[in-house]
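The values are calculated or read from the model by the stated rules, or taken from the named source; none is laboratory data. These numbers come from a predicted model, not from an experiment. Positions of Cβ are generated from backbone atoms using ideal geometry, with glycine treated the same way; all protein chains shown enter the neighbour counts. Areas reflect the complete protein model, heavy atoms only, side chains present, ligands, DNA and RNA absent. Shrake-Rupley method; radii C 1.70, N 1.55, O 1.52, S 1.80 Å.
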Amino acid sequence: RARSLRLQPEDLIVAIDGVPFHNDIDTFLDTMFECDPENGRVLTIWRNGTLFNVIARGPLGCVLEHAKSEVSEKATDDFKTYSDDPIETYTTFEVLRDIFRNCIVLDTRLSPTAMIFPPLWLMQNRLWEVLIATLLIYGTTLSVHWMLFIIAYVLLSMYFRKAHLVLRRSFAMMRGRHIWLVVAEKSELETQRICRRMDPKCVFVPDLVGPPVVDEPPKKRRRRR
């Protein structure tokens, strides 16, 4: 679970459900074992001066260690100005990035358009290969019988309801992106702000937080004649 949440070895868990956590490891393990697997718990993570949330629905399945005192004090000071909201207000976002730092943010919630009108949803997410296959199925079944078309439409809608996130994630990875960050936030805007604090040079489409930091081109040296 820690790997699926893209947690890193030096991450600090500073709070659970908005409450600062200063107990031992056994208490943390007991808390995660007893959490509701449907709702989970909001863990506030400190990573190199940046605070963000993840929703964990059970034990993390990783080795836990006590933080060093100087790092713990710094994370505690940063958390004093950090505000947490109820878990119901958060949504899990996945950020996928390529080697050129181009990022896309995936909202893990199901879009009603994926079930009601799948072709429009596929166009919105630029899943052109799946769109062509879907239109071919619609056309083939409609040419045979209208009842067969309705059955195919319902079955495909049920499929997209189950596989909407897998499809978006798989095609993004096929295009050279990998899952870089998983966060629990209230909007895509807040997610992009967290990513920009971690990497000022990351690029988003669409960009909601302004242009990224750009390296200055190297100065050309004048050749001596």
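Just a few scattered comments:
- Filtered residues of the range 112-135 (kept if open to solvent by 90 Å² or more (accessible area, probe 1.4 Å), among the aliphatic types (A, V, I, L, M) and in contact (Cβ under 8 Å) with a residue 24 or more places away in the chain): Ile116
- Residue within the range 189-202 that is of a type outside the set (A, V, I, L, M, F, W, C) and at pLDDT below 90 present: no
- Residues that are touching a residue at least 12 places away in the same chain (Cβ under 8 Å) and among the hydrophobic types (A, V, I, L, M, F, W, C) within the range 1-23 comprise Ala2, Leu5, Leu7, Leu12, Ile13, Val14, Ala15, Ile16, listed in sequence order.
- Residue in the range 34-50 that is free of Cβ contacts under 8 Å to residues at least 24 places away in the same chain, within 16 Å of Ala2 (Cα to Cα), open to solvent by less than 30 Å² (accessible area, probe 1.4 Å) and not in a helix (DSSP H, G or I) present: yes
- Odd one out for Phe93, checked against (1) outside any helix (DSSP H, G or I); (2) loosely packed, with under 15 Cβ neighbours inside 10 Å: (2)
- Number of the exception - Leu5 against (1) surrounded by fewer than 16 Cβ atoms within 10 Å (Cβ to Cβ); (2) of a type outside the set (D, E, K, R); (3) within 15 Å of Val182 (Cβ to Cβ): (1)
- Restricting the range 138-194 to residues that are surrounded by fewer than 17 Cβ atoms within 10 Å (Cβ to Cβ), of a type in the set (D, E, K, R) and touching a helix residue (DSSP H, G or I) at 6+ places or on another chain (Cβ under 8 Å), the residue that is nearest to Ile45 (Cα to Cα): Lys186
- Hits in the range 62-87 (condition: open to solvent by less than 60 Å² (accessible area, probe 1.4 Å), within 22 Å of Glu190 (Cβ to Cβ) and in contact with an Asp or Glu (Cβ under 9 Å, 6 or more places away or on another chain)): Asp84, Ile87
- Condition met for Val95 (in contact (Cβ under 8 Å) with a residue 60 or more places away in the chain and touching a Leu at 6+ places or on another chain (Cβ under 9 Å)): yes
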